[in-house]
Amino acid sequence: MQKRNGRVTDSLNFFQGNDPFELINKYGSPLYVYNERIFRQNCRNLLEMVTYPKFRVNFSAKANSSLALLQIVKDEGLYVDAMSPGEIFVQRAAGFKPEEIFFVCNNVSADEMRYAIDRNILISVDSLSQLELLGRLNPGGKVAVRFNPGVGVGHHAKVITAGKDTKFGVNTEYIPEVKNILKKYDLKLVGINQHLGSLFMESDKFVEGVHNLLDIAREFDDLEFIDLGGGFGIPYQKLSGQAPLDLKKLGEQLDGLMFSFAKEYGKEISFSIEPGRYIPAEAGVILGSVYSIKHNGKTKYIGTDIGFNVLIRPSMYDSHHDIEVYGKVELDHFAAESVTVVGNICETGDILAKDRELPTIMEGDIIGVLDAGSYSFSMSSNYNNRLRPAEILIRETDEAVLIRSRDTLEDLIRNQVKL
């Protein structure tokens with residue numbers, strides 16, 4: 001094997017001696033590959049970012065809900081956010097206790113709320129109508145409310161979850177109505193939370209949102225916790241030298257705010273964050289095979305089996321993922337050239353990388369799509385009746401183990417009923 005631009009995975013020792021070609025031969029192509037050591041270290045980075053004693057990190061299962069990774073999250077001492085009964089079910093299977101799960105829901109049914117209530121899992125609602133529903137279902141119970149702090153961030157309009165144009169959160173002008181509903185149903189507001197959006201690389205906007213959320217917290221007596229939200233970004237353009245989020249600086253900023261607010265509030269209130277992609281993203285690489293090379297007009301297309309059923313972010317959000325090339329044959333000379341890397345889905349928008357400078361790629365080579373541990377398998381599908389790939393984990397012992405089997409053809413019709 002010849003790594004033609006493998007400096008990112010080499011610098012991280014991502015594969016820990018495992019050959020991408022051997023992994024593909026054993027587990028099939030394409031393939032989700034995770035690194036346990038990197039995943040665990042990212043958990044610890046967040047747990048250690050502040051000195052405030054009552055600080056919690058909630059892992060966002062929507063980023064990656066693979067059972068084995070959730071077990072590692074649990075082992076590292078993190079809590080977890082859930083967005084659906086399905087996520088709650090998987091989290092319970094991974095060993096999380098009800099008090100370690102936070103159901104941050106959006107526009108859910110009474111049945112879904114009841115699922116969490118019956119399991120003693122705290123629910124966060126983000127509208128007056130959902131607060132009313134919860135009050136009818138669980139009068140006298142505990143609740144959290146997600147507020148809109150008035151400022152949003154994100155790498156794409158579709159992932160900005162606060163500010164003027166968003167479906168999420170209760171606007172501050174409705175705080176009196178929130179208080180009225182709480183009183184009407186004898187609900188105890190134990191916490192408030194926010195989420196500004198996904199993927200910020202500078203801390204200023206996030207800290208601004210925290211200031212706004214703390215102002216909201218001052219409107220309520222005897223809160224038990226404040227969830228500051230997340231959206232912590234990672235550098236997706238490492239091959240171009242993009243710098244990471246300054247976690248030390250952010251931690252220092254948050255530390256000061258948390259200590260100061262706790263003193264003002266009169267008790268050592270708990271704070272939490274939900275960092276989203278930060279933990280799993282850099283711990284994942286998607287390996288895929290190159291099956292065709294063609295020229296159409298002025299464009300050279302590299303045809304792979306990584307369609308948007310496997311990784312939808314580039315097609316959905318115009319997201320950038322760095323790509324490494326692993327050659328099947330050793331080339332004495334290879335030069336960078338502009339190519340467009342595409343998948344095998346019958347859609348014009350099935351593009352991984354457009355007009356990207358990459359080293360020579362040949363049929364039979366393997367590409368590695370970097371920073372793909374978040375929102376990859378969790379957003380995957382069987383579109384075109386493609387089989388979802390296997391997931392493997394490179395353990396700290398260097399052993400590569402299967403954590404999810406590849407779909408079979410029978411899986412495609414398993415839940416269907418013939419006429």
Yes or no: the range 316-327 includes at least one residue that is modelled with pLDDT of 95 or more, in contact with a Pro (Cβ under 8 Å, 6 or more places away or on another chain), part of a loop (DSSP other than H, G, I, E, B) and not assigned by TED's automatic domain parsing to the domain that holds GLY241. yes
Only one of (1) surrounded by fewer than 19 Cβ atoms within 10 Å (Cβ to Cβ); (2) at negative phi is not met by ASP318, so which one is it? (2)
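For ILE72, state whether it is of a type in the set (A, V, I, L, M) and either more than 23 Å from GLU282 (Cβ to Cβ) or part of a strand (DSSP E or B) (or both).
Against the criterion (of a type in the set (A, V, I, L, M) and either more than 23 Å from GLU282 (Cβ to Cβ) or part of a strand (DSSP E or B) (or both)), ILE72 does not qualify.
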By residue number, the members of the range 309-354 that are free of Cβ contacts under 8 Å to residues at least 24 places away in the same chain and under 20 Å from LYS238 (Cβ atoms) are ALA336, LYS354
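Here is a list: THR340, THR348. Which entry is out of contact with any Gly (no Cβ under 6 Å at 6 or more places or on another chain), at pLDDT 95 or above and surrounded by fewer than 20 Cβ atoms within 10 Å (Cβ to Cβ)?
Only one candidate passes the filter, namely THR340.
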Condition first: in the same structural domain as LYS62 (by TED's automatic domain parsing), in contact with a Leu (Cβ under 8 Å, 6 or more places away or on another chain), more than 30 Å from ILE394 (Cα to Cα) and part of a helix (DSSP H, G or I). Can you find one or more residues in the range 268-278 that meet it? no
So ILE345, is it under 17 Å from VAL325 (Cβ atoms), among the hydrophobic types (A, V, I, L, M, F, W, C) and more than 21 Å from the chain's Cα centre (by Cα): no
The range 79-107 - residue that is surrounded by 22 or more Cβ atoms within 10 Å (Cβ to Cβ) and touching a residue at least 40 places away in the same chain (Cβ under 8 Å) and, of those, farthest from ILE117 (Cα to Cα): ASP81
Could you list, ordered by first residue, the pairs with Cβ atoms under 7 Å in which the first is in the range 364-380 and farther than 16 Å from ASP10 by Cβ and the second is surrounded by 24 or more Cβ atoms within 10 Å (Cβ to Cβ) and aromatic (Phe, Trp, Tyr), at least 6 apart or interchain? GLY373/TYR34; SER376/TYR32; PHE377/TYR32
Given the criteria of a type in the set (Val, Ile, Thr), modelled with pLDDT of 95 or more, within 19 Å of the chain's Cα centre (by Cα) and crowded, with 19+ Cβ neighbours inside 10 Å, does VAL50 qualify? no
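Of the residues GLY288, GLY229, GLY251, GLY307, which single one is in a loop (DSSP other than H, G, I, E, B) and either surrounded by fewer than 24 Cβ atoms within 10 Å (Cβ to Cβ) or of a type outside the set (Lys, Arg) (or both)? So that I can check it myself, show each step before the final result.
Numbers: GLY288 fails: in a loop (DSSP other than H, G, I, E, B); GLY229 fails: in a loop (DSSP other than H, G, I, E, B); GLY251 fails: in a loop (DSSP other than H, G, I, E, B).
Just a single option satisfies the conditions, and that option is GLY307.
The values are calculated or read from the model by the stated rules, or taken from the named source; none is laboratory data. Just so you know, these numbers come straight off a predicted model, no measurement behind them. All Cβ positions, glycine included, derive from the backbone under ideal geometry; neighbour counts span all protein chains shown.
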